[in-house]
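Peer 1: Quick one: this structure, given as structure tokens, is what I'll be asking you about.
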Amino acid sequence: MTPAEKNWAGNITFGAKRLCVPRSVRELRETVAASDAVRPLGTRHSFNTVADTTGDQVSLAGLPRVVDIDVPGRTVTLTAGLRFGEFAAELHEHGLALANLGSLPHISAAGAVATGTHGSGVGNRSLAGAVRALSLVTADGGTRTLRRTDEDFAGAVVSLGALGVVTSLELDLVPAFEVRQWVYEDLPEATLTARFDEVVSAAYSVSVFTDWRPGPVGQVWLKQRVGDGGTTAAMPAEWLGARLADGPRHPIPGMPAGNCTAQQGVPGPWHERLPHFRMEFTPSNGDELQSEYFVARRDAVAAYEALARLRDRIAPVLQVSELRTVAADDLWLSPAHGRDSVAFHFTWVPDAAAVAPVAAAIEEALAPFGARPHWGKVFSTDPGVLRTLYPRYADFEELVRRYDPEGTFRNAFLDRYFRS
């Protein structure tokens, strides 16, 4: 087959000699066993070369669809290549839900889990935190299943595709719930920094959007659970000095809000409110770059103030920036490993040459806070520095050596950041 050629944003041209789309796990096993170099390819939403290879890229899009819901046990076992928007409604029909979702329902479960992708909420872990078991095809074409009680599990969930091709995931579920979403505009920046914990704890999921220009923060999206102790009351016209939006909004001012999930307090199922964008619409044309950095929540205000000193450099190459919270987990390569975190996300203009020095300045400004970059986005953190940011980094390298001694799943990205 022909290669996938480019990622979603178009900033990466893949070097793979072919793209394989096996129709069964058996065919996938045969493909992996016969190849010297393999990388799993999800929905191509990464902005760096983590999925690239000079060998074969393997997509799970052709595997048979499995969504096996255990209602009493509150779990689902599913084909790992499914996009969240392709199975979330089915969970809801069975009275169940994922505890959280990312801003895009268009991304695959396997890709999101492997890179530590997340939603928001002070009590909500990353999407990988829901994984209770995974099955993968290993470098020799064999299969292996790891469960939460297994010794290697915490290193195998956020694994960047370095251990094998994940074919299925078993996820924890919670009872289905509804959400009402409101957007507030022009939150005073002084209020955000003075009352940061109050702002990010104001709803089940909170996102703060800013362009880093002087003045108030552009938007705060509040996603409130309905019932089960959640709110059913109307929201005030003013909150902490911000005003309630008088209509639906897009995170980027001036962009049409039609492809965003329903706002203005209209209740709806969790899977139609927790993401920012609706599954039936393409959220954008991918004409952008993205970076994201995680710091401990206790350092959020100091990190924000450090970034604010760079606002004159950030704003000219920025489309929008988003601040979200992620609860701590114990997964070895999770950017939220061991600490409740705040993630500073940047959606840049599609100009790599202009963005690179600004991203480097951001990394320097956030270095005192031990900022961990998102594995699937644009970053230039020195490998030696990155090693110091994860307590189990060396353990992960050893795990990779055991699972893939010949380097079948390695690529230039992994070679740069992880010792063989």
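Throughout, read-outs are computed from the coordinates displayed, never taken from laboratory work. Bear in mind that the values here come from a model prediction, so they are computed numbers and not experimental data. Note that each Cβ is placed from the backbone with ideal geometry, even for glycine, and that neighbours are counted across all protein chains shown.
Peer 1: Post the alpha-carbon centroid distance, segment 153-189 to segment 1-52, in whole angstrom.
Peer 2: Result: 23 Å between the Cα centres.
Peer 1: Provide the gained length on full extension for the span residue 287 to residue 17, in nm with one decimal, where the gain is 0.36 nm per separating residue minus the Cα-Cα distance.
Peer 2: Answer, rounded to one decimal: 94.7 nm.
Peer 1: For residue 145 and residue 174 in the same chain, what is the full-extension length gain: residue separation times 0.36 nm, less their Cα-Cα distance, in nm?
Peer 2: Gain on extension, residue 145 to residue 174, equals 8.1 nm.
Peer 1: Could you tally the net charge around residue 141, taking each other residue with its Cβ under 9 Å from the Cβ of residue 141, Lys/Arg +1 and Asp/Glu -1?
Peer 2: In short, -1.
Peer 1: Under 16 Å from a point 7 Å along the Cα-to-Cβ line of residue 201: which residues of segment 101-132 have their amide N that close?
Peer 2: From segment 101-132, the list is 121-124.
Peer 1: May I ask you to compute the full-extension gain from residue 262 to residue 367, defined as 0.36 nm times their residue separation minus their alpha-carbon distance, rounded to one decimal in nm?
Peer 2: Contour length minus Cα-Cα distance gives 34.1 nm.
Peer 1: Roughly speaking, what is the centre-to-centre gap between segment 381-420 and segment 53-71 when only Cα atoms are used, to the nearest Å?
Peer 2: Answer, in whole Å: 24.
Peer 1: Could you give the nm distance between label points at residue 389 and residue 66, where each point is 7 Å from its Cα heading toward the beta carbon?
Peer 2: For residue 389 paired with residue 66, the spin-label model returns 3.5 nm.
Peer 1: With θ set to phi - 60°, apply the Karplus curve 6.51 cos²θ - 1.76 cosθ + 1.60 along segment 335-340 and write out the HN-Hα couplings as whole Hz, x wherever there is a Gly or Pro.
Peer 2: Whole-Hz 3J(HN,Hα) from phi for segment 335-340: x, 9, 4, x, 7, 4.
Peer 1: If you add up the charges near residue 364, with Lys and Arg at +1 and Asp and Glu at -1, over every other residue whose beta carbon is less than 12 angstrom from its beta carbon, what do you get?
Peer 2: 0
Peer 1: Continuing with the same structure: Helix-only estimate, please: 222 nm mean residue ellipticity of the chain, summing -39500 (n - 2.57) across DSSP H runs of length 4 or more and dividing by its residues, to the nearest 500.
Peer 2: Calculated from helices alone, the mean residue ellipticity at 222 nm is -5500 deg cm²/dmol.
Peer 1: Explain nothing, just the number: dipole magnitude of the chain about its Cα centre with +1 on each Lys and Arg Cβ and -1 on each Asp and Glu Cβ, in debye rounded to the nearest 20.
Peer 2: Taking the Cα centre of the chain as origin, the dipole is about 180 debye.
Peer 1: Residue-wise, which Karplus ³J(HN,Hα) couplings in Hz belong to segment 273-278, taking 6.51 cos²θ - 1.76 cosθ + 1.60, θ = phi - 60°, and x for glycine or proline?
Peer 2: 10, 5, x, 7, 10, 7
Peer 1: Can you list the equivalent-ellipsoid semi-axes of the chain, largest first and in whole Å, using the square root of 5 times each Cα gyration tensor eigenvalue?
Peer 2: 34, 25, 19
Peer 1: So, one more: How many nm separate the modelled label positions at residue 353 and residue 415, each set 7 Å beyond the Cα in the direction of the Cβ?
Peer 2: Once both label points are built, they end up 2.7 nm from each other.
Peer 1: Sorting check: for 405-414, 36-45, which peptide has the highest mean count of neighbouring beta carbons within 10 Å, and how do the rest follow?
Peer 2: 36-45, 405-414
Peer 1: Let me ask you something else. Would you mind checking which residues have amide H under 5 Å from residue 80's amide H? H placed 1.01 Å from N; only 5 or more apart, or other chain.
Peer 2: It is 168, 169, by chain and number.
Peer 1: Which shape class, rounded, prolate or oblate, goes with segment 186-325 when its Cα gyration tensor gives a ≥ b ≥ c as root eigenvalues, a/c under 1.5 marks rounded, and past that a/b bigger than b/c marks prolate?
Peer 2: oblate
Peer 1: Another question, then. How high is the FRET efficiency between residue 238 and residue 301 when r is their beta carbon distance and R₀ equals 35 Å, given to the nearest 0.05?
Peer 2: For R0 = 35 Å, the calculated efficiency reads 0.95.
Peer 1: Among all the lysines, which ones have a C-alpha under 30 Å from residue 17's C-alpha, if same-chain residues fewer than 8 places away are not counted?
Peer 2: Counting by Cα, and skipping residues close in sequence, residue 17 has these lysines nearby: 6, 377.
Peer 1: Taking a ≥ b ≥ c as the square roots of the Cα gyration tensor eigenvalues, with a/c under 1.5 meaning rounded and otherwise prolate when a/b beats b/c, else oblate, which class fits segment 56-168?
Peer 2: Note, shape of segment 56-168 comes out rounded.
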